[in-house]
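To start, the structure under review is shown below, and the notes come after it.
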Amino acid sequence: MEVLETIVIQSTEVEGKETVVSSVDIDKAKAEFIWTLQATWHLVNTRLEMDQAFDQPVCKKKKLWEMVAEKVNAKLRESEVTNVTVKAYECDLKWRNLLATYRKNAERAKRLGVNSVHWEFFKAMHEVLGKSREDVEAQRRAKLSGTRVGNAMASKRFTPILPTPPATSAAPCSARPPQDVLQLYMELQERKMNMWAQQKALEERKIEAINNLAQAISSLAEKNSIQMSKDGH
């Protein structure tokens, strides 16, 4: 049994001869959200329910992810999990990990069949994300059938346009279809957003680590100063 899973790991290392662990570090560690199986399922179901909102050409993804985080936290509170809350950027990064894993398993399903995939989230995600453009268009036409708009579209007469024969001296055009160009552009934009989110989260971790280290050094210096004053007396 083989399960493909991709995880984006972010880490911050602080090198030094001595490591001082303060109470602030312990509080920060407790405040970090841990993705349990239950919390991950809440995220997957919530994100899939809002998939149409995320697919809109003009939408504020930050606001949508804040809504996702609110819904996930509400479901966790219903399950009596209230010790820590998940943030919008954490939901975004976790979904990107899940999406990368889904795509790898989708490729495996194409080659070896759906039964070869044993990832627990694949079926739920594939029911929403696995629909092709043709399936979506067919569903749209089925919804319009029988309505005034659908009848108008079906009864509309179009004048056929015969294709222009290609010139014998010109070489055939090898330009990509508009759909492929648009898909490539969307993939590039998604990669840029993914890199930006990871970089932002990494910088925030670095700032937190620096602040924690500065507080620990300040606390240690204060203790040494008090101890030296006592020894002087």
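Comparing the range 176-228 with the 2.2 N^0.38 Å rule of thumb, its C-alpha radius of gyration ratio is 2.31 (two decimals). Placing pseudo-labels 7 Å out from each Cα toward the beta carbon at residue 129 and residue 89 gives an inter-label distance of 2.2 nm.
Counting other C-beta atoms within 10 Å, and keeping those with at most 15, which DSSP coil chymotrypsin sites (Phe, Trp or Tyr not before Pro) do you find in the range 45-105? Don't skip to the answer; put the middle values down first.
Working: sites: 54, 65, 89, 95, 102; in loops: none.
Passing both the DSSP loop test and the Cβ count: no residue.
Per-residue accessible area (protein heavy atoms, 1.4 Å probe) orders 118, 42 as 118, 42, starting from the largest.
Rolling a 1.4 Å probe across all protein chains gives residue 78 an accessible area of roughly 150 Å². With a Förster radius of 45 Å applied to the C-beta separation of residue 70 and residue 231, the computed FRET efficiency comes to 0.25. Using 0.36 nm per residue and subtracting the Cα-Cα separation, the extra length available between residue 213 and residue 38 on full extension is 59.6 nm.
Taking a 31 Å limit on the Cα-Cα distance, which of the listed pairs 87/192; 61/123; 75/123 fall beyond it? Flagged as over cut-off: nothing, all pairs pass. Sorting 91, 59 by accessible area puts them as 59, 91; the probe is 1.4 Å, largest comes first, and only protein heavy atoms count. Distances between placed amide hydrogens fall under 5 Å for residue 50 paired with no residue 5 or more residues away or on another chain.
The values are calculated or read from the model by the stated rules, or taken from the named source; none is laboratory data. Worth saying up front: this structure is predicted, and the values here are computed from it rather than measured. Note: ideal-geometry Cβ built from the backbone for every residue, glycine included; neighbour counts use all protein chains shown. These accessible areas exclude ligands, DNA and RNA; they are computed on the full protein's heavy atoms, side chains included. Shrake-Rupley method; radii C 1.70, N 1.55, O 1.52, S 1.80 Å.
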